[in-house]
Every structure is written in C-alpha cells, then in structure tokens.
Amino acid sequence: MIAVLARRAGGLIITLLAVSFLIFTVMDVLPGDPAEIMLGTSASPDTLAALRREMGLDLPFLVRYLHWLGGALTGDLGTSYTYGVPVAGLIGERLQVTVPLAILALAISIGLAIPLGVLAASRKSSVADFLVGLFSHFSIAVPGFWVGLILIIVFATTLGIMPAGGFPGWAAGFWPAFKALILPAVALGLPQAGVLTRVTRTAVLDVLGEDFVRTARAKGLTPRAALWLHAVPNALIPVVTILGLQFTFLIAGAVLVENVFNLPGLGRLAYQALAQRDIIVMQDVVLFFCAFVILMNFAVDIAYLFIDPRLRREGGV
Amino acid sequence: MSLFRSFCRRPQLWLGAFVTALLFAVALISLVWTPLSPSKMQIVHKLKGPFDHGLLGTDQFGRDVASMLMVGTWNSLSTALAAVIIGGVAGTAIGLFAAARQGFVEQLLMRVCDVIFAVPPILSAMMLGAFLGAGRFTAIIAIATFMVPVFARVVLGSARQIWARDYVTAAQSIGKRPLGITLVHILPNVAGQIIVQTAIQLGLAILTEAGLSFLGLGMAPPAPSWGRMLADSQTYLGLAPWLAILPGLSIALAVFGLNMLGDGLRDVIDPRAESG
C-alpha cells in the first residue's frame, strides 16, 4: 500500500513539474515579446530594455523557469502588471467566488445525477428511463454558458426574482452572495449532471446483474433495499472516476459562466488578464487551474486505493 | 444484410445520422446560398422578431439571423472538423506507435498525453490567443491539442488488445515488421473505434469552439459564428431574447445529433459496449 502510494505521489510530482514546464515553455516560445505586448509598439527601446530587465527576461530560459517555479512553490507568484498587486493575493481573492461556485455546481450535478441515474436503471426501458435519457442527452448537448443566458432571460429579465449577474461579495451577507451564485451554479452544473446521470445509470445496471445483488434479494431484502444498500454503493466507483475527469470541464465552464454572470472569479481573472495582456497573471492562473485538475485526479486515484483493495497491490489489477 | 438489419433496429443511429446530415447540408448550402447576405446591415429593421422580418428575425444591426446562423454552421463545423481531424490523426499515430513499441515508450507517451490533457482547451486557447491573437487558427490548434490525448488513449487501448491476438503473433513470427503489422492488422481493427470517437469528439469540439467564440477567441468578426452571436446577444436579453435562444439551440441540436450518431455507431461497431 505504502509503495503504491509513494509511486503515485512520485508520478504526481513529475506530472505537475511537466505541466508547469509546458505552460512556461508555451508562454515563452510563442512569438511576441511580453514587454512589448505590455508597453505597446510605440515604447522606446530604453523603456523596453528596462522592463525586460525588471521582468527578468534577459536571464537564460531555465533560470527564469526555476525562478518562477521556486516562487510558485513558496507562494510568490509575482506581481500583476495591470493591478500592481501580488498575483497570489489576486488569486486568493477570486477563489472566494470560484470555489463556492464550483462546490455548488458539483452539489447540483450530483444531486440531480445520482437519483435520476438510479431511477432510470431501476426502471429500465420504462417511461421514466426514457425521460431521464432525454434529459441527459439534452443537458450534455447544451453549452453551460447558454443555459446561463436562458436562466437570465427567465429568472432575471422576465420574472425578476434573481440577479442577472454581478457579485455583492461575502461582506454583504451570506444570502445576497449565495443568491448571486445560484443561477451560475445551475448553468455550470447542468451539463455535468447529464454526463453523470448516464454513467450512474450504466454503472447501476451493471451492478444489478451481479450475484451479490441476487444473493441480497434471496436473503429477503426488498428490491429497494437491495438497490440502495448493495447496488448503488458499488456502482459509485465509476461515477467517482467520471467526477474526477469532469473537473477539467468544470474549470473550462467556470471561465465561461463567470463571464456570462459577470462574477469576479478566477476564470474571469484569466479572461481579463488575456484582454489586458497581463502575461504573469495568465501564466499563474493557468498553472493554478491545471494543478487543481491534476490534484483532483490524484485524489480520485487515491480514493480508489481505499475503495478497492485489489488496487493496493504493486502494479494494480 | 445483417448490418442493414442492425441499422434498422437502432433509431438513435438514424436520428443522429439525420441531424448530422442536416447540419452538413446547411453548412454546405450556406457556401453558395443564404436568404440574405449575413453581413448586410439594415438598421431600419434592427431587432425584429422571428417572422417579423425574415424567417428568424434580425439582430441589433438589422442583419438576417437565419443567414447568420447558416454561415455560422459552416464556420463552427469547419473549425471543429479541422481540429478533430488534426487531433485525431496525431492522436491515432501516437496511440498506434505506443502500442507497437510498448514498455517505456508507451509509458512516456501516455504521461505526455496526461500532461496535455490537464490543460483545458479554453485555457490553452487563451494562452495561445495572448500571443497569436484570436482567430480560427488559434481555436483549431487549441481544440486539436486537447483531442490528441483522447484519441491516443482510445487507440492505444484497442490496439494493445489486437497486438495480443494470435494472428498478430503469427505475423511477427514470419518476420513482419511492426509498421507493416500496424497498417495491415491493427489500424483496420481499431478504425471502428476511431470513427465513433470522431463523431463524439466533433460534438465536443463544436461546444468548445462556441465557448472560444463566445470569449472572442474564435473567428474574427464580422464572420458570424454561433458563439459570437451568443456573446453579442447578451446586451439584448430582455429586448430580443431570440438572439440568445436561436444560436444556442443550433449548438445543442448539432451536438445532440453528433452524440446520437456516435452512440449509435458504437452500438453497431462494438455491440458489447454499453452506451448508457
């Protein structure tokens, strides 16, 4: 168990280093001089040279990479050129919006997907199964940011019961801030719910055919008890896998949904950094997002070791 | 004949094929004909509702929405298709190579794929866009990059199983080279999986392209694209909701059709797989 854990952790560190190197290289080798991008083409050569020195652009590539990486590891992500404040602080501030948004979206998608998936599987080929299938096909096909626009049309401009966008901040009280996150979370969570519903249905159907479910029924358990006590817990393993993979899409969705609802989150920060050519903020936010995706997948991997004892052997199954 | 019967038993395949064919037809027709020029502005007719002026109304500049949607179909589809073809060919090549070499090379290539997969396409497009500028090229490269690991993993998984078959061992034992075996025995046997993935990933690519265009990282204006039309509609949500509803429905219909087609094809090609 410990050997497997150590090997996975080693893999995690290598992947994180590789991703950071990839991001740094992409930002570095692409045509365009960050100093010139920031100051514009009309800047004098002296000003450009001074900014390059200040940004450390005159140093060799590897030195710059190690400097950036060392900074990132110690929490010093550099200073934003447009805001003039440390990037770490900016990210921390924006996380107060993005983290609750992502958690709420996940809660909505899990809260919809598991009951619907189990319902569809337990009544295979019924009208309920057909309707759930229709829901999941439709929600996979719609872009989350479009769902956001439709929600604004219905709940903000037509009914006027929800804010159309913006975020009052947690200082304004829990309810106003939470209310501002509800529609964005639905927009972000709905497409995820479609995927999860399908996976849950398939996984529960697979497990329902297993011998232990039959044994549970033979012991006298009601179909409902056999379903919820024996089938569903075992079916959750593939659901957790997909949940791990969905984080990539959750982040991509957050960038879009935060823009639709004008939420000052991390995705909007990345977008604004792009518009303002704030390279250092872009680089840091992308690294942060990617590290988050990798860590979440790692967490799912580790969760398996606890769920499925067969995987604890060296080499797995 | 049995293939024909199996097609008849699968309505979702037919539905998917029909919607996808419709999508391609609209895209191709838009190259030669649209009801009006999608760039023609008629300010006097601005923000007219569907059937009020033209079939689907007009936008804030009085441009015909139906024509813009038609051209948008071509722009979105061609960008997504180019990205999937580039990513699919590169990913398939990597998957086939990894399966043929196995061992360290396979491990290394798959780790590289993991690293690429960790960067969401929206973010890679933003990074590329910061330097290359927004545009179709940036969108294609960003989406294609994300597709490479997807195809590589699917192809590797199937190809490894084929490499373990007796007829491949037989081919090896009579001295056939890995490249020959890959082309003659492996590729034809994984082709079905590649076709299924192409349909599913095309849907995903359309969604991503729409997202990129929405952020202004897709095709440059005035070329209409579904994502850009949605972005432009934001200012008029209360006044002209159809400007937001119609492009979104187009995206949803296109992705729905391609997903149905992909699922249907999977059922035909690999009946053991449960598409859910």
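The values are calculated or read from the model by the stated rules, or taken from the named source; none is laboratory data. Everything quoted here is computed from the prediction, not taken from an experiment. Cβ sites come from the backbone with ideal geometry, for glycine too, and all protein chains shown count toward neighbours. Just the protein is used for accessible areas: all its heavy atoms, side chains included, with ligands, DNA and RNA removed. Shrake-Rupley method; radii C 1.70, N 1.55, O 1.52, S 1.80 Å.
Taking the options A:R224, A:R198, name whichever one is over 17 Å from the mean Cα position of the chain (by Cα), more than 17 Å from A:A105 (Cα to Cα), of a type in the set (K, R) and within 12 Å of chain B (Cβ to nearest Cβ). So the residue among A:R224, A:R198 that is over 17 Å from the mean Cα position of the chain (by Cα), more than 17 Å from A:A105 (Cα to Cα), of a type in the set (K, R) and within 12 Å of chain B (Cβ to nearest Cβ) is A:R198. When segment B:80-95 is limited to residues that are open to solvent by less than 20 Å² (accessible area, probe 1.4 Å) and among the hydrophobic types (A, V, I, L, M, F, W, C), the one that is farthest from B:S158 (Cα to Cα) turns out to be B:A80.
Could you count how many residues in segment B:209-225 are crowded, with 22+ Cβ neighbours inside 10 Å and within 9 Å of chain A (Cβ to nearest Cβ)? Residues meeting the conditions: 5. Taking the condition within 7 Å of another protein chain (Cβ to nearest Cβ), open to solvent by 10 Å² or more (accessible area, probe 1.4 Å) and part of a helix (DSSP H, G or I), does B:L246 pass? Spelling it out, it is not the case that B:L246 is within 7 Å of another protein chain (Cβ to nearest Cβ), open to solvent by 10 Å² or more (accessible area, probe 1.4 Å) and part of a helix (DSSP H, G or I).
Cβ-Cβ distances below 6 Å connect the following pairs, each with a first residue in segment A:207-222 that is touching a residue at least 12 places away in the same chain (Cβ under 8 Å), a second residue that is of a type in the set (A, V, I, L, M, F, W, C), and a separation of six or more residues or different chains: A:V207/A:A231; A:V207/A:A235; A:L208/A:A231; A:V213/A:A226; A:V213/A:A231; A:A216/A:A226. Annotation: A:L256 fulfils all but one of (1) open to solvent by 50 Å² or more (accessible area, probe 1.4 Å); (2) more than 19 Å from A:L69 (Cβ to Cβ); (3) within 19 Å of the chain's Cα centre (by Cα); the unmet one is (1). When A:A270 is tested against (1) part of a helix (DSSP H, G or I); (2) open to solvent by 10 Å² or more (accessible area, probe 1.4 Å), only condition (2) is not met.
For the condition within 11 Å of chain A (Cβ to nearest Cβ) and of a type outside the set (A, V, I, L, M, F, W, C), B:G133 qualifies. Residues in segment B:13-62 that are free of Cβ contacts under 8 Å to residues at least 60 places away in the same chain and within 27 Å of B:A199 (Cα to Cα): B:A21, B:F24, B:A25, B:V26, B:A27, B:L28, B:I29, B:S30, B:L31, B:V32, B:W33, B:T34. Among helices (runs of 4 or more DSSP H) entirely within segment A:65-175, having at least 3 residues that are away from chain B (no Cβ under 14 Å) singles out A:87-122, A:127-141. B:G238 passes every criterion in (1) open to solvent by 10 Å² or more (accessible area, probe 1.4 Å); (2) facing chain A (nearest Cβ under 8 Å); (3) assigned to a helix (DSSP H, G or I) apart from (3).
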